[in-house]
1. At a 1.4 Å probe radius, which order do 21, 62 fall into by accessible area, largest first?
2. Hey, any idea what % of the chain's accessible area is carbon plus sulfur with a 1.4 Å probe?
3. Taking a label point 7 Å from the Cα of residue 305 along the Cα→Cβ vector, which residues of segment 340-355 have an amide N closer than 19 Å to it?
4. Dipole of the chain (Lys/Arg Cβ +1, Asp/Glu Cβ -1, origin at the Cα centre): which of 204, 14, 164 lies farthest to the positive side?
5. Quick one: of 121/242; 68/347; 39/121; 52/242, which pairs are farther than 25 Å apart, Cα to Cα?
6. Using 0.36 nm per residue, how much length does the chain from residue 35 to residue 185 gain when fully extended, once their Cα-Cα distance is taken away?
7. Test of understanding: what is the full-extension gain from residue 339 to residue 228, defined as 0.36 nm times their sequence separation minus their Cα-Cα distance?
8. Of 287, 177, 40, which has the largest mean-square fluctuation in a 10 Å C-alpha GNM of the chain?
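The values are calculated or read from the model by the stated rules, or taken from the named source; none is laboratory data. Remember, predicted model here, so these are calculated numbers, not experimental data. Cβ placement follows ideal geometry from the backbone for every residue including glycine, while neighbour counts extend to all protein chains displayed. These area figures cover heavy atoms from the full protein model, side chains too; ligands, DNA and RNA do not enter into them. Shrake-Rupley method; radii C 1.70, N 1.55, O 1.52, S 1.80 Å.
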Amino acid sequence: MDALKNSEQNARCIVKYRQQYYDISNFMHKHPGGLNTLKGLNQADMTSRFMKAPPHSDAAMYLMREYKVDYDRENSANERRAEKLDENRVELLAQQTPAQSEDSNNNQLDESMEHLVDWSKAMLPQISKITKHYDEWVHKPVDRPLRLFGPWYLEMCTKTPWWVVPMFWIPTIITCGWDEVQANSHNMKEITTIISHLLFGVIFWTLLEYSLHRWVFHVKLTSNSRPWLCTFHFLIHGLHHKVPFDSMRLVFPPLPGVILAVIIYTPISFILQNHHPRLILSGALLGYLIYDMIHYYLHYGNPAAGHHLYHMKRYHYQHHFAHQDLGYGISSPIWDFVFKTRIHLRKLRYQLRWS
Ligand SMILES: [Zn+2]
Ligand SMILES: [Zn+2]
Ligand SMILES: [Zn+2]
């Protein structure tokens with residue numbers, strides 16, 4: 001019984017920030033700034049610690065409102081959902097924290113824009129009605145369930161578990177490369193020929209990864225953008241920025257992946273018809289597969305400090321929550337370096353851990 005109570009207590013984390021309470025229990029492991037940096041905050045006033053922490057972006061402050069709780073109302077209820085908060089201590093803390101204090105992050109919680117849409121209804125048909133505010137709205141993250149379509153059979157198609165991607169693409173990549181090797185067995189004796197073509201495909205992918213993310217997924221939108229463009233944007237990448245913690249909307253589903261691959265591959269295969277185009281395609285698809293798995297890992301993994309992916313996780317979170325017009329590289333920042341869209345990460349005196 002005690003153990004259960006303890007685990008319940010550990011699982012819940014209520015914090016006070018300024019004059020508000022937040023239930024961050026389900027957010028802690030998602031916190032871009034690490035889980036370890038939130039340790040010991042349960043039932044404490046985090047205002048001063050928040051002010052000393054690296055500045056939080058406007059998007060982060062917007063996301064924070066998702067976890068707001070009406071603590072007084074909860075307390076007055078007979079069934080206390082939350083564990084008892086030491087009232088005296090909180091009162092004391094409240095006195096120490098001037099209500100009007102400006103934090104160094106200089107970002108107040110801005111007005112919520114969520115009244116523009118109805119989250120209980122299908123979202124996709126609503127996008128065309130908010131085009132005027134869409135660009136601003138889509139870059140303000142929330143943490144809530146998203147429904148794209150009304151009918152369940154359509155909705156089902158919009159969800160992709162991460163493992164579907166390797167399950168579909170690994171056999172495709174092998175078949176595609178093997179076919180090319182078989183068809184050209186007479187002039188493909190050298191293993192270096194195979195490797196160099198595959199490698200060319202992988203490098204081609206890294207450039208494509210950057211280009212798609214920067215110029216297609218982050219196509220410039222204005223308040224005058226066409227409704228179809230906003231809807232298209234939301235479907236291909238906008239939703240990932242709006243609900244970044246939706247694990248079923250993170251990897252690229254195979255079907256649109258195949259369509260995109262055919263569109264890009266068809267003209268290229270004509271240009272490179274004497275250069276084993278299917279081997280290059282295999283390499284490019286392999287590059288894509290690695291990219292999509294890395295993207296998933298950056299959101300849910302816990303890379304060790306010093307590792308390339310530790311750097312990339314922080315880098316990608318900066319793209320999500322602070323600099324959405326920079327840091328387009330997911331697997332590496334190489335093309336950000338070339339095209340001058342690199343994000344400079346701040347040096348931390350401590351290491352971040354996400355689990
Ligand atoms: Zn934080
Ligand atoms: Zn993006
Ligand atoms: Zn992401």
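1. Correct descending sequence by accessible area is 21, 62.
2. 60 percent
3. The answer is 345-355.
4. Farthest towards the positive pole: 204.
5. Listed pairs above 25 Å: 68/347; 39/121; 52/242.
6. Length difference between fully extended and current span is 48.7 nm.
7. Gain on stretching residue 339 to residue 228: 37.1 nm.
8. Of 287, 177, 40, the most mobile in the Gaussian network model is 40.
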